[in-house]
Amino acid sequence: MAKADMQAVMTEALAGFASGAAVPEAVRARTRTVVLDGIGALLAAANPAYSTGRLIADFARDQGGRPEATVVGAGFRTGCVHAALANGTMGYACDVEPHHPEGILHPIAIMVPTALAVGERVGASGQRFLDAVAIGCEVEYRVSIALGPAEQYHLGFHPSAVCGTFGAAAAAGFLLGLAPEAMLRAFGLAGCQASGMMAWESDPTENARPFQMGMAARNGVTAAFLAASGFGGPTAIFDSGHTIFTAFSRNPSPARLTADLGARWDGIMELAIKPYSCVSFLHPALDALLDLVRAEDLTPQDIEQVTMHFPRSGVHCVDGNPLKSHCAQYILPVAIADRSVQVADIFIDRRVSDPVVAELCRRVRVVADDGELEQRFPDFYATVIELSTRDGRHFVRRNDIARGYPETPMSEAEIEAKFAALAGSVAAPRRVAGLRAAIEGLPGAPELSRLAALLGAPAGE
């Protein structure tokens, strides 16, 4: 083996995996479940009342291109790269798609749009589509844990955007049939484009937040297509020279990139399904808070103070964030008022329209924890909720694992009901039923045309 090859050991291993991994049946089954959940969230974002989906679809339409891939809920097809951008953006818009707690990732929001766009173009089967999603999620997860998700946050980078570019390159490259040598270059070209700053936290429109996922899908697809054409790229992006480990982390764990590669599929098997439309950091708090509210039958008028204790490394994401979806002082009051959090709540400011929510917002505070909660982050989003009532009662609840995690799963009926509600917010019942059947039938589907047609129809049909 040549010296240059010896310097790319990890990159070669990951490229070989992405080119032709054998996906176990249990992983395929889990992939279909999270694809169902992710597609519900993706379609819900096509609601014309929400600016993100409307604006990104308009952008893709204006750019033009060969009609080879569907833009979800928009009634048109466009070039593969633009479709990946638009659908990837919509995939994370509602903030209710599957997420990876340990990796702090939103991989389904990237991989479903990537695999759909490329799969349509190349005529992939449903099974190839599912395998591409699984492989992409695994690559994204491994890159994130090797860099260290908290390390990326500390430097101002968004793990989903940075690592998702590599996952998208893997998913797209798999569908394109890239040989390991070409996949090697695809990863190098993905590294050249990897980006994504946490600056979106200051955008109250919430357009920039999901754009990060669209950007990752677009860049990964671009990398794979360029590599397929013979375009050159770095061949040791994980091993030598200016690697991603020096660019995006100050304390990486490179060995985690390839440890048990092909034997463990934690990138899919450890995905959590969200019951609430908001940042996953708030889900343990919501479970604890709603348990208290329901058990004690508390009304908004009963609440004197709510204090949320959260790990210091993640508190910047939830304490007074301008984004409604990420603001504890907004999401927790909505949950108290409605005993739930819905997609519309992150697009319509209830602090303006609902005086009860506005008053509750003034009664919530967030405290950064430097002790046990911090030590468990990011493997756990451990949270302590303190609640005081106006009649002098005081309650404390701690929750480390939210409902919807693999350890505390939502039931099949709950997942089905969530999909029906999300898809049904923009699609007629017959179309929702058709989508459900198309997703169920993916393992035996010879192509993606039925799924794509049902997803691409305009909102309301």
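The values are calculated or read from the model by the stated rules, or taken from the named source; none is laboratory data. Nothing here was measured: the structure is a model prediction, and the numbers come from that model. Virtual Cβ from ideal backbone geometry, glycine too; neighbours counted across all protein chains shown. Quick note on the areas: whole protein, heavy atoms, side chains included, nothing else; ligands and nucleic acids left out. Shrake-Rupley method; radii C 1.70, N 1.55, O 1.52, S 1.80 Å.
Structure notes:
- Residues that are closer than 22 Å to residue 94 by Cα and at pLDDT below 95, drawn from the range 19-47: none
- Cβ-Cβ under 7 Å pairs, at least 6 apart or on other chains, the range 96-120 side more than 13 Å from residue 271 (Cα to Cα), far side assigned to a helix (DSSP H, G or I) and basic (Lys, Arg): 119/128
- Hits in the range 374-392 (condition: of a type outside the set (Asp, Glu), open to solvent by 90 Å² or more (accessible area, probe 1.4 Å) and outside any helix (DSSP H, G or I)): 390
- Residues that are in a helix (DSSP H, G or I) and either touching a residue at least 24 places away in the same chain (Cβ under 8 Å) or open to solvent by less than 10 Å² (accessible area, probe 1.4 Å) (or both) within the range 359-373 comprise 359, 360, 361, 373, listed in sequence order.
- Of all residues in the range 334-346, those being open to solvent by 30 Å² or more (accessible area, probe 1.4 Å) and touching a Ser or Thr at 6+ places or on another chain (Cβ under 8 Å) number 1.
- Residue check, residue 147 of a type outside the set (Ser, Thr, Tyr) and open to solvent by 10 Å² or more (accessible area, probe 1.4 Å): no
Yes or no, residue by residue, for (1) touching a residue at least 40 places away in the same chain (Cβ under 8 Å); (2) part of a loop (DSSP other than H, G, I, E, B); (3) open to solvent by less than 10 Å² (accessible area, probe 1.4 Å):
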| position | (1), (2), (3) |
| --- | --- |
| 281 | yes, no, yes |
| 287 | yes, no, no |
| 291 | yes, no, no |
| 313 | yes, no, no |
| 317 | yes, yes, yes |
| 322 | yes, yes, no |
| 325 | yes, no, yes |
| 332 | yes, no, yes |
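- Flag for residue 395 being aromatic (Phe, Trp, Tyr), open to solvent by less than 60 Å² (accessible area, probe 1.4 Å), part of a strand (DSSP E or B) and within 21 Å of residue 290 (Cα to Cα): yes
- When every residue of the range 443-455 is checked against the conditions, at least one turns out to be touching a residue at least 12 places away in the same chain (Cβ under 8 Å), touching a strand residue (DSSP E or B) at 6+ places or on another chain (Cβ under 7 Å) and surrounded by 14 or more Cβ atoms within 10 Å (Cβ to Cβ).
- Lone unmet requirement of (1) at negative phi; (2) under 23 Å from the mean Cα position of the chain (by Cα) for residue 404: (1)
- Among the residues making up the range 442-461, those that are closer than 16 Å to residue 117 by Cα and charged (D, E, K, R) are 447, 450.
- Per-region count, the range 64-116, residues in contact with a His (Cβ under 6 Å, 6 or more places away or on another chain), open to solvent by 10 Å² or more (accessible area, probe 1.4 Å) and modelled with pLDDT of 95 or more: 1
- Qualifying positions in the range 171-199 - under 16 Å from residue 11 (Cβ atoms) and either part of a loop (DSSP other than H, G, I, E, B) or touching a Cys at 6+ places or on another chain (Cβ under 9 Å) (or both): 178, 179, 194
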